[in-house]
Each structure stands twice: as structure tokens, then as C-alpha cells.
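Asks: Please find one structure pasted underneath; my questions will follow.
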Amino acid sequence: MPESNSSQYVGSRVKRREDPRLLTGRGRYVDDIKVAGMLHIAFRRSDYSHARILSIDTSAAKASPGVVEVFTAKDIEGEFNPVLAQSRMRDYQPTIMQILAADKVRFVGEAVVAVVAESRYLAEDAAALVEIEYDELPLVTDPEQALINSSAKLHEQMDSNVLLQREFNRGDVDEAFYGASVYIKERFRFTRKTSLAMENRTYLAEYNSAEQALTLHTTSQVPGIIRDILVDALDIPGSHLRVVAPDVGGGFGGKTSLYPEEVLAPILAKKLERPVKWTGDRIEDLISTSQGFDEIIDAEIAVDREGRILGLRADVIGDVGAYSIYPWTAGIEPVQVVSFLPGPYKIENYHGRVRGVATSKPPTGPYRGVGRPVSTFVMERLVDMAARELQMDPREIRQRNLVQPHEFPYKAASGIVWDQSGFTQGLNGACEAIGYDGLRRTQAQARAQGRMVGIGIASFAELTGIGSRLSASPGMPINTGTETASISVDSTGGITARFGVTSYGQGLETSLAQVVADELNVEISQIRILQGDSAAVSHSTGSYASRGAVLGAGAAILACRALDQKLKAVAAILLSSSAEDILIRDGVFSGPGSDEKLTFKDLAKAYYSQMGLIPAPIRNEIGELSATQMYDPEWGTTSSATHIALVEIDPDTFKVKVDKYVVAEDCGQMLNPMIVDGQVHGGVAQGIGAALYEEMIYDEQGQNLTASLVDYVVPSATEIPRMDVVHLDLEKPKTLGGVRGMGEGGTIGAPAAIANAVADALAPLGQQVTTLPVTPQRIFELVQAAKANQ
Amino acid sequence: MSNLKTISLTVNGEKVVRQVEPRLLLADFLRNELNLTGTHIGCEHGICGACTLLVNGDSVRSCLTLAIQVDGAEVTTVEAHGKPDSMSVVQEKFQQCHGLQCGFCTPGMLATAEDLLNKYPLVTEEDIREGLSGNICRCTGYQNIVDAVAAARDEVRSQ
Ligand code: FES
Ligand code: FES
């Protein structure tokens with residue numbers, strides 16, 4: 001047990017240590033880094049969604065000022081080993097990553113030619129001069145068409161466009177539906193989105209030919225994963241390949257995958273023996289960064305007279321785009337829709353089927369919430385629709401179906417096991433915080449005046465901090481269940497803690513310093529945190545899937561405990577005491593055997609530098625004053641929350657205004673409540689964006705109609721309401737430190753809460769919300785349809 | 001393409017004379033020629049606001065401005081608002097209120113905030129949100145940024 005400190009950092013609103021540099025323009029993002037002799041890459045990308053490449057003429061580009069070299073797929077043949085995302089899923093078909101498109105292109109925006117020049121301006125000038133002749137191939141843009149039509153295949157060598165399929169079964173669904181008093185069947189659509197981190201993807205590769213060593217600076221959430229795959233792809237030993245993610249300007253899932261440009265930059269740096277950088281622009285981001293969601297969900301629910309859910313059925317088509325993304329596979333998004341669909345409810349009879357279909361669009365990958373924003377949207381809509389049929393309050397129907405406090409651990413219909421979590425407390429907490437009953441009365445008055453006002457509830461659960469017993473993506477053969485912390489005291493007493501989990505805005509540098517400071521009983525300013533570098537620890541997969549705090553804090557605690565033993569053993573000798581009696585308080589060692597007190601500096605100097613104080617055999621045994629530990633939470637832990645939104649639809653513009661928003665959540669022990677609130681705010685804002693504004697639109701030719709921020713609309717300060725976040729103080733989970741992951745929850749709950757609120761506002765018109773985003777145009781159409789029905 | 005133009009301007013209080021291509025964006029000029037990488041580029045088409053900085057005291061999109069357009073002007077970038085150990089009031093409030101996460105939108109937010117605080121009364125929360133609506137932040141959900149600007153307003157006005 002750690003001794004008590006005069007200050008306890010974990011659980012308090014410690015100011016972020018990363019802020020002073022980020023606030024004063026002294027951060028260090030990849031594009032801020034310049035090295036001598038650096039060249040710049042610009043791409044010529046495909047204008048067609050599905051076409052054969054007939055010829056490429058690079059002569060004009062090569063003659064353009066400042067151009068060093070121009071590369072097509074042929075020019076880099078044999079320079080790398082093929083990359084493909086494997087999975088143990090049955091019936092799964094992987095695709096081979098195209099670093100530059102070889103024979104054909106499979107989405108608009110796929111890179112075909114790379115121009116390397118002395119500046120980004122000159123590279124872009126030359127890229128425009130490349131001439132590519134295409135022969136258009138049959139369109140594969142509609143996932144339902146692509147599913148049945150095997151004549152138009154995106155990948156010729158494959159059996160079909162179906163990259164994966166999976167089913168979940170529990171109980172007897174037919175039987176359950178037979179006995180139902182209310183039965184709802186609906187087709188839902190959750191359209192394609194994008195992470196839209198404010199920093200675009202950027203890669204800088206440097207190759208040192210004398211040492212045959214490569215360094216890649218990348219805007220990545222997962223430098224460890226990138227290092228491991230590049231070792232295989234480029235045949236460079238891991239000891240010679242370093243992947244660094246310095247300050248990263250947001251990620252949200254869009255920076256968790258390996259990208260062709262990220263492989264190409266190292267290839268070209270090696271080939272040209274010059275550092276090369278690619279700085280993506282926003283248009284490239286919108287057409288080539290992994291996209292999110294995009295499913296069609298046919299779902300049915302059966303409910304008895306008391307509102308109890310008897311059965312649930314869903315058939316999901318996921319439009320996964322052209323390639324199965326590395327390392328997550330095309331399964332990560334759509335499979336989670338089906339595995340999480342039963343949500344926090346007791347459902348004994350479930351059948352879910354999902355098929356991931358390749359289309360000629362950019363690949364989908366993880367985007368904040370992954371699958372669960374969609375499953376929660378569908379489930380919460382179904383529950384509300386059933387409640388409406390039964391004339392039951394939405395709160396009541398949830399209360400009756402949620403897993404109750406005494407029923408944990410609960411094995412959900414898809415096999416996920418929920419450990420103890422505040423499902424019902426979240427619902428009650430949110431209702432209380434927003435004043436639910438009063439709000440219903442206010443709504444009734446507003447309705448009586450003809451105003452379109454709605455209240456929407458969404459309850460959900462998520463599995464966070466997943467350990468090695470599960471994979472973060474179905475069937476993926478990569479261990480995503482452990483993380484490493486390495487903490488050392490140097491010869492001056494300096495404490496450095498190295499982590500594999502990375503930060504791209506979540507403030508982990510601060511949160512992890514809080515954990516280490518508490519565990520070692522030292523002043524927080526004494527601790528330096530290093531992360532975002534594959535060389536920091538031997539193995540890491542980075543930050544995604546709400547794991548950073550859970551696994552990072554767990555590893556920190558284990559490493560601190562091991563280090564603590566070493567430090568106390570040394571202190572015991574220096575203070576003529578025994579290790580068990582040594583106390584560390586505010587960074588000072590003391591013991592009953594002596595009045596002397598030692599700081600970390602005193603102890604380190606005595607141990608490392610002053611001859612003769614520590615007997616050689618003991619030093620040989622203790623070794624360096626450092627400890628490296630891995631943490632594996634095995635299964636992970638359940639975070640849960642209920643969101644409630646109050647919205648009003650403008651009768652003239654059909655714009656939705658969110659007037660109130662409340663979140664009540666159980667995220668276990670908070671490391672830093674200020675940071676936790678910030679994560680919730682940001683997550684909810686993205687969820688509101690997904691519900692009301694954001695949509696990646698592809699026309700039937702596969703052209704992206706939303707390739708600018710004018711067309712892909714994300715919310716600004718005027719579209720996002722003030723949010724009230726309630727943290728439930730409940731029994732802590734069994735993870736080390738009692739931490740649950742919470743980075744994604746905001747985005748999981750918000751689309752459903754907003755959809756239910758808009759549906760509630762439209763309820764008097766008898767219209768349903770089945771497609772997100774529910775834009776003014778879509779609301780207008782619903783209102784028109786209601787008028788036509790009258 | 002080598003019809004270089006000479007520009008002379010003041011950047012963060014220092015006189016700068018350079019020869020530049022007419023097409024060079026102000027954002028690229030600052031980042032690449034002067035190594036002032038605090039100015040961030042998020043879209044290069046005038047929507048995200050990440051590149052916002054102050055030209056003669058007014059907030060300006062440096063991705064929509066050519067370097068030659070600021071010939072003779074006074075440019076202030078985020079580097080000059082304050083230093084890590086002596087931050088400006090607005091910077092301090094951003095830290096206190098947790099008005100930043102990844103920090104990428106932050107330089108633009110700070111420039112916009114300075115401009116707003118100088119020119120408008122910013123009486124209500126709506127006024128602040130309206131004023132910030134040309135700057136996208138993907139991380140914070142805006143609430144803490146709005147609070148930071150309100151806190152800065154209160155502090156500046158009470159002095
Ligand atoms: S980079 Fe200038 S507005 Fe986005
Ligand atoms: S702090 Fe990341 S975009 Fe605003």
C-alpha cells in the first residue's frame with residue numbers, strides 16, 4: 001500500500017502539464033518537424049471509383065521544376081512485403097494493401113502516383129501534370145447491389161464482395177416473437193462519417209543508410225502497431241526502426257490504422273536516401289482517411305404487455321469500402337454493431353447477422369465508439385418505438401429491461417459479459433439531473449402551443465480496457481490486451497516514466513503522472529512522462545478502444561510497486577533500517593533506525609555514484625533503480641451511461657436546436673475529473689454532429705460530394721449546447737486502480753439520445769426517425785409526409 | 001515562377017524582410033520561412049479557423065492570405081501571446097478551464113478570442129459562442145473554451 005501523501009493527485013483536477021507548450025505555439029506536431037535535405041511528397045489520386053489503369057505518363061511531371069523523382073506502383077515493386085489484415089473470423093476475405101494503385105483503382109482518392117520534390121508547392125505543381133488513362137469498370141458503389149451482384153467484383157480474386165459475415169444466436173427468437181403483444185420492424189440507416197481530427201495525416205521518414213536505421217514520425221495513435229508491421233513490410237529489424245508520434249492533433253480512430261502513405265514515405269526515404277515528408281491536406285483527409293459507420297440495419301423487436309423485451313432480431317449490411325483495413329479488418333465496425341445491439345438490456349432471445357460488403361469507397365475503420373453509436377441508435381430507437389406503442393414512458397420501459405444491480409455479472413445475448421456497472425443508477429441519475437418529470441410537463445405545455453419539442457433518452461454499456469482474453473477487433477491476431485510501463489530513477493534522482501499508450505489530446509501525460517506521483521509518493525513535478533515513441537517500451541499497441549487510462553494506469557501501478565521495493569531496499573541500507581519500515585512521503589525516505597532523511601536525489605547519488613556505500617553483491621542483485629511491468633486486465637470492464645437531450649425543431653427552417661443535455665455515467669475511479677468531463681463534452685459534440693449534421697455523401701458514380709469542410713459539416717460552438725455531466729459514485733471495478741475507460745462513451749450515447757428527442761418532437765405527426773443525420777432536409781420530408789397522410 | 005517579391009513586415013514585434021513567391025500563403029511563410037510553427041493549418045480553405053492569427057490587430061485566416069498581402073503589416077502569432085512561464089490571461093484561462101485537448105485548434109482559438117475581447121462586449125454566453133463559431137474544435141465540445149473566454153473577459157474587465 002502506498003503511504004499517504006500530503007497531496008493526493010488521483011481524483012483531483014490537476015492542471016494539464018501539456019498545456020503551456022500547446023498554448024504558446026511550442027508544441028511539436030509532425031508537420032512542425034524539419035530536417036536537413038527534406039523532400040516533400042505529393043500524390044496524384046484516382047478520379048474514378050472503379051477503373052483499370054491503362055497508362056501513366058509521368059514525363060511532364062518529371063521535367064517540372066524541383067522534382068527529384070516520380071513513382072508509380074511499378075517503381076516500388078519488390079521494395080516491400082505485402083500488408084494485409086488477417087483475422088480468425090470464418091468466411092473472412094482479407095485484401096492486400098495497395099501502397100500505390102497497381103492495375104486498377106478502387107475508390108476516388110486512392111493514391112496512384114507519388115511525386116517527390118524540393119517543396120510541397122513544387123511537388124503539387126508536378127502532380128497536376130501526371131497523365132493517367134483509365135478504363136472504367138462496373139460500379140460497385142451500392143452495398144446492397146454489391147452483395148448480390150457477383151459479376152461486378154471489386155477484387156477479382158475473391159469469391160464475392162462480401163469480406164466477412166457473422167451471426168449471433170441466443171434462445172428461440174421465432175417463438176419469442178410469436179408471443180409478443182408489441183412488434184416493431186424497421187429499417188435504419190446510419191450514414192458514413194469521418195473522424196476529422198483537426199490535424200491532417202502527416203508522415204516524415206528518415207533513413208540512415210550508414211546504420212541501416214529508419215525513423216518515422218507519424219500522426220498516429222498506435223506507433224507500436226505501425227513499428228511492428230513496418231518491420232515485416234520493410235524487412236528492417238525492430239531495433240533499427242523507430243516510430244514516433246509526437247504531439248498529435250486529435251485522432252478519434254482515424255489515426256489507428258496503417259495507411260499506404262505511411263508505408264510509402266519510409267520506402268522512398270530509403271530509396272532516395274533523403275528524408276521525405278508527406279503533409280496531407282483536408283481534401284485528402286476527407287477522401288482517403290478511414291471513414292466510420294455506414295450501415296443499413298433491418299431490425300425487429302418483440303415486447304410483452306408489461307414492456308419487457310422478448311426478442312430481438314437484426315440483419316446488418318456494413319458498407320466497408322474498398323479494403324479491409326490494417327490491422328483492424330473490415331469487421332471492426334459492422335461486427336460490433338451486431339455484438340453490442342442488445343445493449344444494457346436483458347434479452348434472452350436474439351438473432352443478429354452482419355455482412356461486411358466491399359464497395360468502391362475509402363475503407364471504413366474505427367471511429368470513436370466503433371459500432372456502438374450505431375447499435376445504440378438502433379436499440380434505443382426500437383425501445384422508444386415499443387414504448388410509444390404501449391403508451392409507456394421511455395424511462396419506464398428502460399427501467400424494466402435494464403440489467404439490475406443484483407444481476408451482474410450478466411452475460412449479454414451476444415456473449416459479452418458485463419461486470420458490475422451502474423446501468424439503472426445512470427438512468428435515474430440522468431433523469432434526476434435534468435428534472436425529467438418537470439421537463440415532460442414543460443414539453444406538454446410547449447406542445448399545446450404547437451411547438452415541436454422533444455425529449456430523448458439513451459442508455460448504453462460498453463466494454464472498455466479490454467485485456468488479452470478478447471481482441472479489440474473480432475478475430476484479429478494481434479494482442480491488444482496488454483500495456484507496458486517502464487519507470488526509472490536515474491543517477492540524479494530524476495524519475496522518468498515511459499509508456500506505450502499515446503496521447504492525442506486526452507491529457508494522458510498528466511493523468512499518468514498523477515498515478516505515478518501517488519504511487520511513488522513524490523511531488524508530481526518530479527515526474528517526466530515519455531510516450532508516443534515505439535522505442536519507449538518493448539511492446540505497445542497504443543491508444544484506442546477506451547483503453548489508454550485503464551491499461552496505462554494499471555501498468556504504472558505495477559511498475560511503481562516493483563520500483564518501490566527496490567527503492568526501499570536501498571533506503572533500508574542507507575538508513576540502517578529494514579525495508580518494511582521505510583516510509584516515503586512527499587519524495588523523502590525515512591526510517592525508524594535513523595533521523596536522517598533522504599530525497600530521491602540523495603538516494604540515487606548514494607546508490608549509483610558514491611563508492612562503497614552499497615555493498616557490491618546487493619547492487620548486483622537490485623540492479624538499476626527501475627522497473628518495467630506489463631498490465632493485462634484480462635476481460636476489461638463495463639462503462640455505462642444514460643444521456644438525455646431536450647431539443648426543439650424550428651418550424652420554418654427545420655433546424656434542430658439542442659436546448660439541454662445531460663450525461664450520467666459510471667466510469668469508475670476518475671484519474672482527473674477535469675479531463676474526464678472534457679472527454680465527455682468532446683464525445684457528445686461528435687455524437688451530436690453524427691446525429692444532426694455529418695454525412696459523407698458518395699454519388700452513384702462513387703464521387704465524394706462532401707470533400708470540403710463546407711460540405712462535410714461539423715458542429716461549431718453555436719450548435720453544441722452546454723452539457724451537464726454527472727459521475728456516479730459506485731462500487732469500483734476490479735481493474736487495477738478501479739479505472740474504467742471513458743473516451744468514447746459521449747459519441748456512443750449522443751446520436752441515439754438526439755434521434756429519440758427529434759422523434760419525440762415529431763411524434764404528434766406520427767413520423768419516425770430512422771436515418772442519421774436527421775438534417776433539416778430530412779425533417780422537412782418527414783413533415784411533408786405527415787401532411788400528405790392527413 | 002521565380003518572380004520573387006520583396007516584403008517587409010513586423011512579425012511579433014520584429015522587423016522581417018524576405019523575398020517570397022507571390023503565391024506563398026502567409027501560413028506557410030510563417031511556418032516554413034520563419035519557423036513559427038505555432039500557426040496551424042487544418043483545412044487550407046478558410047473554414048476551420050486553425051490558422052487564424054492577428055494582422056494589425058484583426059483576426060485573419062492565414063491560409064486565405066498571401067504573404068505578399070501583409071507587406072508592411074504587423075503580424076502577431078500565438079508565439080507572441082505569452083511564454084510557457086508567462087502566459088497571457090487568455091492562455092491561462094484556457095489551461096484553468098481545460099479549454100484545449102489536442103491543442104491543434106488552440107492557436108486559432110486564442111487569436112479569435114483576443115480579437116473578440118478587444119472589440120466586443122461579449123455579454124452573454126451566446127455572444128461568445130457566436131464569436132467563436134468560425135473556429136472548429138473537434139476535441140472539446142466547446143464548453144470549456146466558452147468558459148475560458150468568459151473567465152478571461154471577467155478578469156480583463158475587472159482590471
Ligand atoms: S487552415 Fe485556414 S481556415 Fe482552416
Ligand atoms: S483541442 Fe483538439 S481540435 Fe480543439
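The values are calculated or read from the model by the stated rules, or taken from the named source; none is laboratory data. Everything numeric in this text was worked out from a predicted model, so none of it was measured. We place every Cβ from the backbone using ideal geometry, glycine too, and count neighbours over all the protein chains shown. For accessibility, only protein heavy atoms count, side chains too; no ligands or nucleic acids. Shrake-Rupley method; radii C 1.70, N 1.55, O 1.52, S 1.80 Å.
Asks: Starting from the Cα-Cα distance between A:Lys655 and A:Glu175, subtract it from 0.36 nm times their residue separation and give me the gain in nm to one decimal.
Replies: Stretched out fully, the A:Lys655 to A:Glu175 stretch lengthens by 168.5 nm.
Asks: Taking the range A:55-129, which trypsin sites (Lys or Arg not before Pro) meet the DSSP loop condition and have no more than 16 other C-beta atoms within 10 Å?
Replies: A:Arg88, A:Arg90
Asks: Just going by the charge dipole of chain A, with Lys and Arg at +1 and Asp and Glu at -1 on Cβ, which of A:Thr215, A:Val550, A:Leu241 is farthest out on the positive end?
Replies: Of the candidates, A:Val550 comes out farthest on the positive side.
Asks: Express in nm, to one decimal, how much length is gained between A:Ser525 and A:Leu583 on full extension, taking 0.36 nm for each residue of separation and deducting their alpha carbon distance.
Replies: 18.9 nm
Asks: So, one more: Could you tell me the calculated FRET efficiency between B:Gln159 and A:Arg722, based on Cβ-Cβ distance and R0 = 30 angstrom, to the nearest 0.05?
Replies: Between B:Gln159 and A:Arg722 the formula returns 0.65.
Asks: So which GluC sites (Glu not before Pro) in the range A:1-79 end up in coil per DSSP with only 12 or fewer other C-beta atoms within 10 Å?
Replies: Listed in order of number, the matching sites are A:Glu3, A:Glu77.
Asks: To test your reading of the geometry: what angle, between 0 and 90 degrees and rounded to tens, separates the Cα axis of helix B:106-119 from the longest principal axis of chain B?
Replies: Computed tilt is about 70 degrees.
Asks: Within 10 Å of each Cβ in peptide B:43-54, how many partner chain Cβ atoms are there on average? Round it to a whole number, please.
Replies: Mean partner-chain Cβ count within 10 Å for B:43-54: 4.
Asks: How crowded by other chains is A:14-20, given as the mean number of beta carbons from other chains within 10 Å of each beta carbon?
Replies: Taking the mean over all residues of the peptide, I get 5.
Asks: When the C-alpha atoms of the range A:277-349 are aligned to their principal axes, what extent does each axis show, in angstrom, from largest down?
Replies: 62, 21, 19
Asks: Can you tell me which of A:342-351, A:776-785, A:237-246 comes out highest on packing, and rank the rest after it, using the mean Cβ neighbours within 10 Å?
Replies: A:342-351, A:237-246, A:776-785
Asks: Now for a separate question. Would you please give the residues with an amide H less than 5 Å from that of B:Gly42, counting only those at least 5 places away or on a separate chain, with H modeled from the backbone geometry?
Replies: Here B:Ala50, B:Cys51 satisfy the definition.
Asks: At what distance in nm do the modelled label points of B:Tyr120 and A:Arg561 sit from each other, each positioned 7 Å from its Cα along Cα→Cβ?
Replies: About 5.4 nm, to one decimal.
Asks: So which of A:Lys193/A:Lys655; B:Lys5/B:Lys119; A:Lys34/B:Lys83; A:Lys361/A:Lys655; A:Lys361/A:Lys787; A:Lys601/A:Lys732 end up more than 28 Å apart by C-alpha?
Replies: Over 28 Å Cα-Cα: B:Lys5/B:Lys119; A:Lys361/A:Lys655; A:Lys361/A:Lys787; A:Lys601/A:Lys732.
Asks: Then there's this: In what order, largest first, do A:Glu621, A:Glu186 sit by accessible area if the probe radius is 1.4 Å?
Replies: Highest to lowest solvent-accessible surface, that is A:Glu621, A:Glu186.
Asks: Now for a separate question. Compute, for chain A, the length of the dipole vector about the Cα centre, with Cβ point charges of +1 (Lys, Arg) and -1 (Asp, Glu) only. Units Debye, rounded to 20.
Replies: 980
Asks: Towards the positive end of the charge dipole of the range B:5-80, with charges on Cβ (+1 Lys, Arg; -1 Asp, Glu), say which of B:Leu66, B:Leu34, B:Val11 has the farthest Cα.
Replies: After comparing all options, I get B:Leu66.
Asks: Given the peptides B:50-59, A:741-750, arrange them by the average over their residues of other C-beta atoms within 10 Å, most packed first.
Replies: A:741-750, B:50-59
Asks: Order A:His406, A:His50 by their accessible area, 1.4 angstrom probe, all chains in place, largest first.
Replies: A:His406, A:His50
Asks: Roughly how crowded by other chains is peptide B:89-100, in terms of the mean Cβ count from those chains within 10 Å of each of its Cβ atoms?
Replies: 4
Asks: Here's something else I'd like to know. In nm, to one decimal, how far is the modelled label at A:Ser708 from the one at A:Asp393, with both set 7 Å along Cα→Cβ?
Replies: Going by the 7 Å Cα→Cβ label model, 5.0 nm.
Asks: What FRET efficiency comes out for the pair A:Asp159/A:Arg441, r = Cβ-Cβ distance, R0 = 45 Å, nearest 0.05?
Replies: In this case the efficiency is close to 0.15.
Asks: How far is it, in nm, from the label point at B:Asn56 to the one at A:Gln701 when both lie 7 Å from their Cα along the line to the Cβ?
Replies: 4.4
Asks: Now, a different point. Less than 28 Å apart at the alpha-carbon level, and either on another chain or at least 8 residues along: which lysines does that give for A:Lys605?
Replies: Of all the lysines, those that pass the test against A:Lys605 - Cα under 28 Å, at least 8 places apart if same chain - are A:Lys566, A:Lys568, A:Lys597.
Asks: Could you compute the FRET efficiency for B:Arg18 and A:Glu136, with r as their C-beta to C-beta distance and R0 at 51 Å, rounded to 0.05?
Replies: According to the calculation, E is roughly 0.60.
Asks: Now for a separate question. Can you send over the solvent-accessible area of A:Met723, 1.4 Å probe, protein chains only, in Å² to the nearest 10?
Replies: Looks like 10 Å² after rounding.
Asks: Treat every Asp and Glu Cβ in the range B:89-158 as -1 and every Lys and Arg Cβ as +1, leave all other atoms uncharged, and give the resulting dipole magnitude about the Cα centre to the nearest 20 debye.
Replies: 160
Asks: Quick one: length gained pulling A:Glu306 to A:Gln212 fully straight, 0.36 nm per residue minus the C-alpha distance?
Replies: 26.8 nm
Asks: For the range A:398-546, what is Rg from Cα atoms divided by 2.2 N^0.38 Å, rounded to two decimals?
Replies: 1.53
Asks: Another question, if that's okay. Which log10 I(q)/I(0) values, to two decimals, does the protein assembly as shown give at q = 0.09 Å⁻¹ under the Debye formula with one point per Cα?
Replies: -0.98
Asks: Quick one: putting +1 on the C-beta of Lys and Arg, -1 on the C-beta of Asp and Glu, what dipole do you get for the range A:129-237 around its Cα centre, in Debye to the nearest 20?
Replies: The dipole magnitude comes to about 620 debye.
Asks: Next question. Are there DSSP H segments in chain A that both extend 15 Å or more along their axis (alpha-carbon positions) and score a mean Kyte-Doolittle hydropathy of at least 0.0? List them, or say none.
Replies: A:223-234, A:260-272, A:372-390, A:423-434, A:508-520, A:548-574, A:673-692, A:745-762
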